[in-house]
């Protein structure tokens, strides 16, 4: 359990909060005392969902259904309020470790105890399904261990069978490694999906490892859809039923009731493996020592209703006093921080304005940082020249030194500085993920412009927003060119195993998600292999299109040369990461999908390009327009929040779409991924004369390409 944050309320619906049990994509879970003195787990749904009447209706219906769950192995709902500013739901508190923690500490379970676990969880799911619900997030972390048996918890993303889904079709809700193939594909799910997840839980408990491996979300989802589970180590006599649970087709899986019959009676006196009863007892004893919760101090607009909270000091004073990361914020703390031009005219005239620092975070020696900085500075200066503004902006830059370690250290300092309201992350796939944990801990909003790794698109990233589509859906503009213009009969996806994880998103989107109109064929090339053999096989059908699923420019250049030598004549495409000197020199004619535009060539960014040239004396480089949009996107959110923008900005930005010069900023309501729509900020370039030249925005492909 973690302490309450300064912005957390003291009381919700008469429940006195004692601490934080966790936070995820849907909300925050608190430990609380009910009005009658009982401990409970109180989950508050995030503010971005509260404005959706449809969500409130579904939440109310599902809370009513969940309150009818009276099974022995589910925790009862003790209170709920769908009409609160932020809807909340309270369940009985189970003061035991999770199954995930138990397996990590004490290893795999023997067959006898595994059967009892299977019986209890199958019985819990049978009750859930009988009540008309689908859990949708059965995983070891959502199974708590009490002395008398396990409890299935967290119906935060459950939905009523047959009801409108909480997310649009095509998004992924659940936890990679434990969700079903139909969830991985973004399809509608039913009770068989929970059975698949239960099979994953039992396999993990029996072997100590997830059945579809570990790694990035894209890789795990790909294996879930296409590969068989790793069941080596599942006890004899149980391997068959677990394998049936993990069938790819929902209709081939047993029902929860069949599983109860198979596993048999729950062995109440011997259900925990050796060593775990003591751990369970120790955790249960902890709650007895908890003090009576004291009031917290809410420092501004909160995601929950702040009942019975006293007046608070300023946001900045509280954040310093809170020492969110144990790091003291001191002016002039060294080379990690570079002060930019203070272009804010603080509170001039009769308009009362608040001041917000925007920190641009990246490596000043990196290839695109200067373009980011100049674009951001232009946005700040234009904003501060508007006489109608209600907030002033100051741009400052922070140096991540181009390393993951430097990124984490600089992010910790930013998170501890109470003046910083928002971070624009201009770093790379290697540095940005390391910056997220300290910012998430301090509830400091991070807007990510350039990085596109799957490591930053996890649903439990609660402080960041990725302002672009990512590798998890492949190079969108290139895919659209294939479907609308090239229209080949077949497309060969060259999966370069030298960068296997990075290419999995492109492979998955073209195969299991069926985003190509042409027939997809995957050609794998080992990390220690050149592309000569693959190119010859591809050239046997010279009009087939080729889509390179890789990110290494040298490897892409080797493929380009091999295809040229083999006589291939079809369309050739790749993503933005190949655009470096080795590839551009030999990739004549290749089509490239990017997340950034050429502001000087893009017809929709002419005004920005002219203003940029007037301010800086030269043309905007890659990512300048995207940084300009990121600052403006943050500014319009901060303007609605007054002095307290740090902890609530992300929720505000999720509320409604916003149109920038490069793209429309809109996010999926459930996964909170950037929405890849017709104006999703994807761009098409072509390599000509030794340079990558802008061709079109994604939504214009096929109209004038």
Does residue 13 qualify as being on the phi > 0 side of the Ramachandran plot, crowded, with 16+ Cβ neighbours inside 10 Å and at pLDDT 80 or above? yes
Can you work out which of the residues in region 440-450 that are modelled with pLDDT of 90 or more and more than 11 Å from residue 466 (Cβ to Cβ) is surrounded by the most Cβ atoms within 10 Å (Cβ to Cβ)? 444
Counting only strands (runs of 3 or more DSSP E) entirely within region 36-138, those with at least 2 residues that are surrounded by 21 or more Cβ atoms within 10 Å (Cβ to Cβ) are 39-45, 88-92
List the helices (runs of 4 or more DSSP H) that sit entirely inside region 500-583 and contain at least 3 residues that are closer than 20 Å to residue 185 by Cβ, without any contact (Cβ under 8 Å) to a residue 60 or more places away in the chain and assigned by TED's automatic domain parsing to the domain that holds residue 486. 500-510
Go through region 584-603 and give me each residue that's in a helix (DSSP H, G or I), farther than 12 Å from residue 687 by Cα and touching a strand residue (DSSP E or B) at 6+ places or on another chain (Cβ under 7 Å). none
Can you tell me which residue in region 139-163 is modelled with the highest pLDDT, limited to those that are in a loop (DSSP other than H, G, I, E, B) and in contact with a helix residue (DSSP H, G or I) (Cβ under 7 Å, 6 or more places away or on another chain)? 139
State all residues of region 258-273 that are touching a residue at least 60 places away in the same chain (Cβ under 8 Å) and in a loop (DSSP other than H, G, I, E, B); if no residue qualifies, say none. 264, 265, 266, 267, 268, 270, 271, 272, 273
Please work out which one of (1) at pLDDT 95 or above; (2) not in a helix (DSSP H, G or I) is the condition residue 460 fails and give its number. (1)
Residue in region 391-403 that is touching a strand residue (DSSP E or B) at 6+ places or on another chain (Cβ under 9 Å), under 23 Å from residue 549 (Cα atoms) and part of a loop (DSSP other than H, G, I, E, B) present: no
Over region 15-35, the set of residues part of a loop (DSSP other than H, G, I, E, B) and either in contact (Cβ under 8 Å) with a residue 40 or more places away in the chain or in contact with a helix residue (DSSP H, G or I) (Cβ under 7 Å, 6 or more places away or on another chain) (or both) is 24, 25, 26, 34
Out of the residues in region 342-389 that are touching a helix residue (DSSP H, G or I) at 6+ places or on another chain (Cβ under 7 Å) and part of a loop (DSSP other than H, G, I, E, B), state the one that is modelled with the highest pLDDT. 363
Condition set more than 30 Å from the chain's Cα centre (by Cα) and surrounded by 15 or more Cβ atoms within 10 Å (Cβ to Cβ), scope region 235-251, selection farthest from residue 193 (Cα to Cα): answer is 235
Please identify the pairs in which a residue from region 382-398 that is without any contact (Cβ under 8 Å) to a residue 12 or more places away in the chain and outside the structural domain of residue 362 (by TED's automatic domain parsing) has its Cβ atom under 8 Å from the Cβ atom of a residue that is part of a strand (DSSP E or B) and surrounded by 14 or more Cβ atoms within 10 Å (Cβ to Cβ), counting only partners at least 6 apart or on another chain. none
Filter result for residue 494 (modelled with pLDDT of 90 or more and farther than 30 Å from residue 183 by Cβ): no
Can you pull out the helices (runs of 4 or more DSSP H) entirely within region 605-705 that have at least 3 residues that are modelled with pLDDT of 95 or more and buried (at least 21 other Cβ atoms within 10 Å of the Cβ)? 624-638
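The values are calculated or read from the model by the stated rules, or taken from the named source; none is laboratory data. Keep in mind that this is a model prediction, so the values were computed, not measured. Note that each Cβ is placed from the backbone with ideal geometry, even for glycine, and that neighbours are counted across all protein chains shown.
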